[in-house]
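Engineer: This is the structure I want to talk about, given as structure tokens.
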Amino acid sequence: MSADAMEMATFTPAGSRWVLTYRVDLPVNRWDAWIAVTTRDGLRPWFPATIVGEWTPGRELAFTFPDEPDADPMRGEVTDVEPGRELAFTWEGDSLRITLEEHDAGTRLVFAASLDGRGRGARDGAGWHACLAELRESVGGYVEDADKDTGRLFGAYASALGPEASTALPPGGAST
């Protein structure tokens with residue numbers, strides 16, 4: 001991994017759940033980063049679904065996928081919002097938390113995905129890693145192609161996290 005590559009997530013137990021935590025430095029101020037994680041135009045380049053709903057605690061969210069127009073939306077709820085600093089919401093059985101902190105000449109984004117099972121660690125680790133690389137790139141940050149290659153990333157996360165965290169395979173099966 002080169003000095004420009006994004007760091008892999010940590011994967012830690014939290015009660016009966018497992019949490020993937022990423023730290024990604026973005027070359028924009030905190031408010032521009034906030035726009036990238038809360039607006040439809042900001043989310044489009046990196047988030048895997050279209051989110052319909054308001055960023056107000058207690059509000060329901062619907063997640064749709066452009067390549068699956070006939071599928072029923074997945075559901076979630078906004079749990080926490082501190083404008084410019086923190087956003088938390090559920091997505092089906094997962095909980096996602098985004099925290100923004102001023103860092104050096106930009107913003108450090110901390111992204112935590114709380115999963116209902118350890119076996120999803122490598123699959124979701126690779127998927128969110130690639131998504132966050134797309135976010136970084138969308139705000140003008142440098143990203144290596146390897147940080148967007150989910151097949152390579154699945155292999156790297158499976159190797160780092162072990163077989164217990166690699167039972168859920170990525171779409172299309174294992175790819176290393």
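The values are calculated or read from the model by the stated rules, or taken from the named source; none is laboratory data. The structure displayed is predicted, hence computed values, not measured ones. Don't worry about glycine lacking a Cβ; one is built from the backbone with ideal geometry, like all the others, and counts go over all protein chains shown. SASA here: full protein model, heavy atoms, side chains in, ligands and nucleic acids out. Shrake-Rupley method; radii C 1.70, N 1.55, O 1.52, S 1.80 Å.
Engineer: Looking at the structure I just gave you, is residue 7 over 19 Å from residue 131 (Cα atoms), open to solvent by 60 Å² or more (accessible area, probe 1.4 Å) and in contact (Cβ under 8 Å) with a residue 12 or more places away in the chain? Can you show your working first?
Structural biologist: Details: over 19 Å from residue 131 (Cα atoms): no; open to solvent by 60 Å² or more (accessible area, probe 1.4 Å): yes; in contact (Cβ under 8 Å) with a residue 12 or more places away in the chain: yes.
Against the criterion (over 19 Å from residue 131 (Cα atoms), open to solvent by 60 Å² or more (accessible area, probe 1.4 Å) and in contact (Cβ under 8 Å) with a residue 12 or more places away in the chain), residue 7 does not qualify.
Engineer: Moving to a separate point now. Give the residue that is farthest from residue 47 (Cα to Cα), with candidates limited to residues of region 148-172 that are small (Gly, Ala, Ser) and not in a helix (DSSP H, G or I).
Structural biologist: To start, the set of residues in region 148-172 that are small (Gly, Ala, Ser) comprises 151, 155-156, 158-160, 162, 165-166, 168, 172.
Checking which are not in a helix (DSSP H, G or I) leaves us with 162, 166, 168, 172.
Values: 162: 26, 166: 22, 168: 20, 172: 20 Å.
Among them, the one singled out is 162.
Rundown of residues vs (1) in contact with a Leu (Cβ under 6 Å, 6 or more places away or on another chain); (2) of a type in the set (Ser, Thr, Tyr); (3) under 24 Å from residue 18 (Cβ atoms), yes/no style:
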{"position": "101", "(1), (2), (3)": "no, no, yes"}
{"position": "115", "(1), (2), (3)": "no, no, yes"}
{"position": "126", "(1), (2), (3)": "yes, no, yes"}
{"position": "133", "(1), (2), (3)": "no, no, yes"}
{"position": "143", "(1), (2), (3)": "no, no, no"}
{"position": "161", "(1), (2), (3)": "no, no, yes"}
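Engineer: Would you mind telling me which numbered condition in (1) open to solvent by less than 30 Å² (accessible area, probe 1.4 Å); (2) over 14 Å from residue 132 (Cβ atoms); (3) touching a helix residue (DSSP H, G or I) at 6+ places or on another chain (Cβ under 8 Å) residue 18 fails?
Structural biologist: Only one criterion is unmet by residue 18, namely (1).
Engineer: Of (1) buried (at least 16 other Cβ atoms within 10 Å of the Cβ); (2) under 11 Å from the mean Cα position of the chain (by Cα); (3) not small (Gly, Ala, Ser); (4) not in a helix (DSSP H, G or I), residue 135 satisfies all except one. Which?
Structural biologist: The number of the failed condition is (4).
Engineer: Right, something else. Taking region 30-54 as the region of interest, how many residues are out of contact with any Phe, Trp or Tyr (no Cβ under 8 Å at 6 or more places or on another chain), part of a loop (DSSP other than H, G, I, E, B) and not charged (D, E, K, R)?
Structural biologist: Qualifying residue count for the region: 5.
Engineer: Within region 138-166, track down each residue that is open to solvent by 10 Å² or more (accessible area, probe 1.4 Å) and among the small types (Gly, Ala, Ser).
Structural biologist: Within region 138-166, 138, 140, 141, 146, 151, 155, 156, 158, 159, 160, 162, 166 qualify.
Engineer: On to the next question. So which residues in region 69-120 are in a loop (DSSP other than H, G, I, E, B) and open to solvent by 70 Å² or more (accessible area, probe 1.4 Å), if there are any at all?
Structural biologist: Once the filter is applied, which keeps residues that are in a loop (DSSP other than H, G, I, E, B) and open to solvent by 70 Å² or more (accessible area, probe 1.4 Å), region 69-120 yields 69, 70, 72, 83, 85, 92, 104, 105, 116.
Engineer: Answer yes or no as to whether residue 66 is open to solvent by 80 Å² or more (accessible area, probe 1.4 Å), closer than 26 Å to residue 153 by Cβ, at pLDDT 95 or above and out of contact with any strand residue (DSSP E or B) (no Cβ under 6 Å at 6 or more places or on another chain).
Structural biologist: No: the conditions fail for residue 66.
Engineer: Still on this structure: Going residue by residue through region 16-25, is there one that turns out to be hydroxyl-bearing (Ser, Thr, Tyr), closer than 27 Å to residue 102 by Cβ, more than 14 Å from the chain's Cα centre (by Cα) and not in a strand (DSSP E or B)?
Structural biologist: Checked region 16-25: no residue is hydroxyl-bearing (Ser, Thr, Tyr), closer than 27 Å to residue 102 by Cβ, more than 14 Å from the chain's Cα centre (by Cα) and not in a strand (DSSP E or B).
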